[in-house]
Each structure stands twice: as C-alpha cells, then as structure tokens.
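Working notes for the structure below.
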Amino acid sequence: MYEGPIQDLIDELSRLPGIGPRGAQRIAFYLLDAPEEDVYTLADTLRRVKETSRFCEVCFNISQEARCRVCRDPRRDRTQLCVVEESKDVVAIERTNEFRGLYHVLGGSISPIDGRGPSDLHTRELFQRLADGEIVEVILATDPDTQGEATASYLSRMLRDFGVRVTRPASGLPVGGDLEYADQVTLGRAFEGRRSMFEPEPSA
C-alpha cells in the first residue's frame with residue numbers, strides 16, 4: 001500500500017476493465033516517471049473525450065455529432081441493419097469492408113446473472129427503426145458467447161412480426177469470443193456466409 005495520491009491513482013486504474021492491481025501499479029509508476037507535459041496531455045484528452053463524445057441519436061454508436069458518420073453517409077445500404085453489442089464491434093466489422101449497411105448498437109447483451117435484461121438495452125429503439133419497412137434484413141452480430149447467443153435468440157423471436165429477413169454471421173467465429181478480437185479475414189468471411197435465422201413470411 002502506498003500513501004496519498006499514488007495509491008488513489010492505483011485504486012482508480014485497477015477499476016478499469018482488464019487492469020488488475022499489478023497492472024494498475026505499473027501504469028501509475030509509469031505516469032509518475034513520465035514527462036509532466038505527457039501526463040497533462042493524457043489528462044486533457046480524457047477530459048475532452050468525456051465532454052465532447054456522445055452516442056448517435058439513431059444507432060447509439062459513439063459519435064462526435066448528433067448522428068454518427070455511418071448514419072450520415074448517403075452511400076450506405078439502408079435496407080440492411082447490423083445489430084451489435086458495443087461500438088467497438090462496429091469498428092471491427094467496418095475493417096472487413098464486407099458490410100455497407102447501417103448499424104444498431106444495443107449497449108450490451110442480455111445477462112440475467114448481471115441483472116441485465118432486454119429493457120436495459122436499446123431494443124425498443126431497434127423495433128422503432130423497423131417500423132417504416134425500409135429495412136429488409138437484420139444481421140444479429142452479437143458476440144458468439146452465452147450472453148450474445150441469448151440476445152440473438154431473443155431478438156430473432158421478437159423480429160418475426162416485422163417481415164424482415166434475420167441472419168447471423170456464419171460459423172468460423174470462435175465460440176465464447178468477442179467480435180473485437182476476431183481477425184479481419186475470419187470476420188469478413190463470417191459476414192459473407194451469414195446464415196438465415198428465419199425468412200419473412202411472403203406477403204399476401
């Protein structure tokens with residue numbers, strides 16, 4: 001245990017995902033030894049991120065404006081909607097250059113253990129986006145783990161009444177993994193060979 005601000009810094013850093021007490025201690029002492037201007041630049045960047053970043057009013061992706069760059073882009077295919085858990089998944093999919101549609105960021109996945117249900121995600125807004133009938137395919141690109149599969153299963157059931165094709169990226173993604181860590185080739189092929197979860201009923 002250290003005294004004063006250095007221990008406070010270690011405690012705060014250890015609260016970040018993926019950083020344990022030892023990692024927090026290493027980062028804290030790195031910052032302590034770093035040039036003063038570098039530390040102030042980091043602190044200023046953190047402040048600006050918190051002050052200026054927001055979520056897109058349409059898809060809930062991270063944005064600097066009211067609408068993110070994908071939603072603003074008139075070249076995107078507005079008949080396809082890819083549903084993901086987090087904004088980092090949008091970045092991973094965009095790197096593949098296999099998808100040219102729109103996105104919808106749920107803000108997490110269904111996880112009863114963590115007390116997170118469908119109402120805690122942006123599901124209501126998703127259903128509202130389908131109301132005008134412009135979207136013909138919804139790709140459920142949630143993570144291939146227990147929570148992601150549960151979320152995809154729930155959404156596929158709820159989407160049956162919307163008359164859209166519902167697909168899921170093909171196998172090839174590691175079970176229990178995160179889209180964020182999938183390589184571009186694997187993720188791209190998964191999108192190219194996505195499987196149908198159900199087809200819409202033909203209109204009368």
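The values are calculated or read from the model by the stated rules, or taken from the named source; none is laboratory data. The shown structure was predicted, so the numbers you read here are calculated from the model rather than taken from an experiment. With ideal geometry, Cβ positions are generated from the backbone for all residues, glycine too; neighbour counts draw on all protein chains shown.
Worth a mention:
- Residue match in region 4-14 (condition: without any contact (Cβ under 8 Å) to a residue 60 or more places away in the chain, closer than 30 Å to residue 81 by Cβ and not polar (S, T, N, Q)): no
- Hey, residue 83 at pLDDT 95 or above, farther than 24 Å from residue 161 by Cα and not in a loop (DSSP other than H, G, I, E, B) or not: no
- In region 36-48, the residues that are over 17 Å from residue 13 (Cα atoms) reach residues that are part of a helix (DSSP H, G or I) with C-beta atoms within less than 9 angstrom, at least six apart or across chains, in these pairs: 38/31.
- For region 106-117, a residue qualifies if it is within 14 Å of residue 149 (Cα to Cα) and exposed (fewer than 15 other Cβ atoms within 10 Å of the Cβ), and the qualifying residues are 112, 117.
- For region 95-117, a residue qualifies if it is in contact (Cβ under 8 Å) with a residue 40 or more places away in the chain and over 15 Å from residue 169 (Cα atoms), and the qualifying residues are 95, 102, 104, 105, 106, 107, 109, 110.
Residues checked against (1) modelled with pLDDT of 70 or more; (2) surrounded by 14 or more Cβ atoms within 10 Å (Cβ to Cβ); (3) assigned to a loop (DSSP other than H, G, I, E, B):
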residue: 135; (1), (2), (3): yes, yes, yes
residue: 142; (1), (2), (3): yes, yes, yes
residue: 147; (1), (2), (3): yes, yes, no
residue: 150; (1), (2), (3): yes, yes, no
residue: 156; (1), (2), (3): yes, yes, no
residue: 175; (1), (2), (3): no, no, yes
residue: 186; (1), (2), (3): no, yes, no
residue: 197; (1), (2), (3): no, yes, no
residue: 204; (1), (2), (3): no, no, yes
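- Candidate set: region 38-63, residues that are in a loop (DSSP other than H, G, I, E, B) and in contact with a Ser or Thr (Cβ under 6 Å, 6 or more places away or on another chain); chosen: the one nearest to residue 81 (Cα to Cα): 61
- Exactly one residue out of 36, 12 is over 30 Å from residue 120 (Cβ atoms), modelled with pLDDT under 95 and not assigned by TED's automatic domain parsing to the domain that holds residue 88: that is 36.
- Test for residue 26: is it over 19 Å from residue 126 (Cβ atoms) and either in a helix (DSSP H, G or I) or touching a strand residue (DSSP E or B) at 6+ places or on another chain (Cβ under 9 Å) (or both): yes
- All conditions but one from (1) in the same structural domain as residue 136 (by TED's automatic domain parsing); (2) assigned to a helix (DSSP H, G or I); (3) more than 25 Å from residue 13 (Cα to Cα) apply to residue 70; the one that does not is (1).
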